[in-house]
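Engineer: This structure is in structure tokens; I'll ask about it shortly.
What follows is calculated from the coordinates using simple rules that are stated; it is not laboratory data. Worth saying up front: this structure is predicted, and the values here are computed from it rather than measured. When we count neighbours, we look across all protein chains shown, and the Cβ atoms used for this are built from the backbone with ideal geometry, even at glycine.
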Amino acid sequence: MTLNSTKSLPNLALLLASPRGFCAGVDRAIQIVEQTIAKFGAPVYVRHEIVHNRHVVERLEDMGAIFVDTLSDCPDDRPVVFSAHGVPKNIPAKAKSRNMVYLDATCPLVSKVHIEAQRHSAQDKEILLIGHKGHPEVIGTMGQVEDGVITLIETDADAQNYIAKDPANIALVTQTTLSVDDTATIINILKSRFPDIKMPHKEDICYATTNRQAAVKAIAERCDLLLVIGGHNSSNSQRLVEVGRTAGAKEAVLISDASKIDWNMVSKAKSVGLTAGASAPEYLTEGVIAAMRERYTVSVENVEVTKEDVIFRLPALLRPPKIKKTT
């Protein structure tokens, strides 16, 4: 392509939301799989997709990871990693009973919700969980306590219609990847109906979900089209699409990578917003920008609402041994 032909390309304003992409929990989970393979060799089994992104999963498969649905699919003599979404407490117990080497890649912020649920259960509280039925994180959280102890609240109507056994003895936990605004509405309903409801010490929706939604809100009104990079089974990515539409983007769509861009939609837009869910690697964002630059003269404006510096430690089994100081 010559310089003259480059000048003839139509202009496109690209608003790049920041923060976007990998969060500390996702980064930790992927490192756990990578380092488990490095330490024990292939294959390493992973119960459920480590994170909800096919690009990540396929890269780890190429390295020697085998993704399975149940622990019974794993042999006793190979390591198994539990996904970032968390698992019911009976899963590690079964692995331990089989003398398996297992590593728990549950995001520490999800583990915090697990601990809250266990504490509330020990206090004989009615536990309400705001979340989406069937999501692995919800299954894992509900599996921390006996069946029937947690009631799932998915909608405003669920919150309005819940009948409490003891209105003064209710506790609340939430899935970490929900829409901040939608969850706030449900919480307000529950608070108005049950003033004594026990709230989390710190909001359960994780910092990364909150920050990525805030970044989308910061650009949405200026976007003719908002592109969200992420897996279609990724809750936090789907929420970014919803938040974008609610916050004023004329169109908002979820794409897995640059190959899924609807260029007809882009051609109708003067200003395009771009973000990525917490399980989408940055090279996918770079791929989308590169694809746009092949067709447009792109001006990129980075809109940053906050900086993130959170780092989560790896499990003890993968940390380097401490060197004893000699006197």
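Engineer: How many of the residues in segment 29-43 are touching a Gly at 6+ places or on another chain (Cβ under 6 Å) and either in a helix (DSSP H, G or I) or buried (at least 19 other Cβ atoms within 10 Å of the Cβ) (or both)?
Structural biologist: Qualifying residue count, segment 29-43: 1.
Engineer: Could you say which residue among 245, 212, 222, 239 is outside any helix (DSSP H, G or I) and either touching a residue at least 24 places away in the same chain (Cβ under 8 Å) or not β-branched (Val, Ile, Thr) (or both)?
Structural biologist: Numbers: 245 fails: outside any helix (DSSP H, G or I); 212 fails: outside any helix (DSSP H, G or I); 239 fails: outside any helix (DSSP H, G or I).
Unique residue meeting the criteria: 222.
Engineer: With the requirement that a residue be charged (D, E, K, R), assigned to a loop (DSSP other than H, G, I, E, B) and over 30 Å from residue 37 (Cβ atoms), what does segment 287-327 give you? I'd like the intermediate steps shown before the answer.
Structural biologist: Keep residues of segment 287-327 that are charged (D, E, K, R), which gives 293-295, 301, 304, 307-309, 313, 319, 322, 324-325.
Among the residues that remain, those that are also assigned to a loop (DSSP other than H, G, I, E, B) are: 294-295, 307-309, 313, 319, 322, 324-325.
Residues satisfying the conditions are 294, 295, 307, 325.
Engineer: Restricting to segment 171-219, what's the tally of residues that are aromatic (Phe, Trp, Tyr) and in contact with a His (Cβ under 6 Å, 6 or more places away or on another chain)?
Structural biologist: Of all residues in segment 171-219, those aromatic (Phe, Trp, Tyr) come to 194, 207.
Filter once more, so that each one left must be in contact with a His (Cβ under 6 Å, 6 or more places away or on another chain): none.
Residues flagged as aromatic (Phe, Trp, Tyr) and in contact with a His (Cβ under 6 Å, 6 or more places away or on another chain) within segment 171-219 amount to 0.
Engineer: Moving to a separate point now. I'm trying to understand the selection: among the residues of segment 264-286, which are assigned to a loop (DSSP other than H, G, I, E, B) and surrounded by 24 or more Cβ atoms within 10 Å (Cβ to Cβ)? Give the steps one after another, and end with the answer.
Structural biologist: From segment 264-286, those assigned to a loop (DSSP other than H, G, I, E, B) are 268-270, 277-281; that's our starting set.
Passing the criteria: 277, 278, 279, 280.
Engineer: Inspect segment 79-94 for any residue being free of Cβ contacts under 8 Å to residues at least 60 places away in the same chain, aliphatic (A, V, I, L, M) and in a helix (DSSP H, G or I) and give the result as yes or no.
Structural biologist: Yes, the conditions are met somewhere in segment 79-94.
Engineer: Tell me, which residue of segment 85-111 that is touching a Pro at 6+ places or on another chain (Cβ under 9 Å) and within 21 Å of residue 205 (Cα to Cα) is surrounded by the fewest Cβ atoms within 10 Å (Cβ to Cβ)?
Structural biologist: The initial filter retains those residues of segment 85-111 that are touching a Pro at 6+ places or on another chain (Cβ under 9 Å), namely 85-87, 100-105.
Then drop every residue that is not within 21 Å of residue 205 (Cα to Cα), which leaves 85-87, 104-105.
Details: 85: 27, 86: 27, 87: 26, 104: 19, 105: 26.
Selected residue: 104.
Engineer: Out of 215, 184, which single residue is within 23 Å of the chain's Cα centre (by Cα), small (Gly, Ala, Ser) and buried (at least 22 other Cβ atoms within 10 Å of the Cβ)?
Structural biologist: Numbers: 184 fails: buried (at least 22 other Cβ atoms within 10 Å of the Cβ).
Just a single option satisfies the conditions, and that option is 215.
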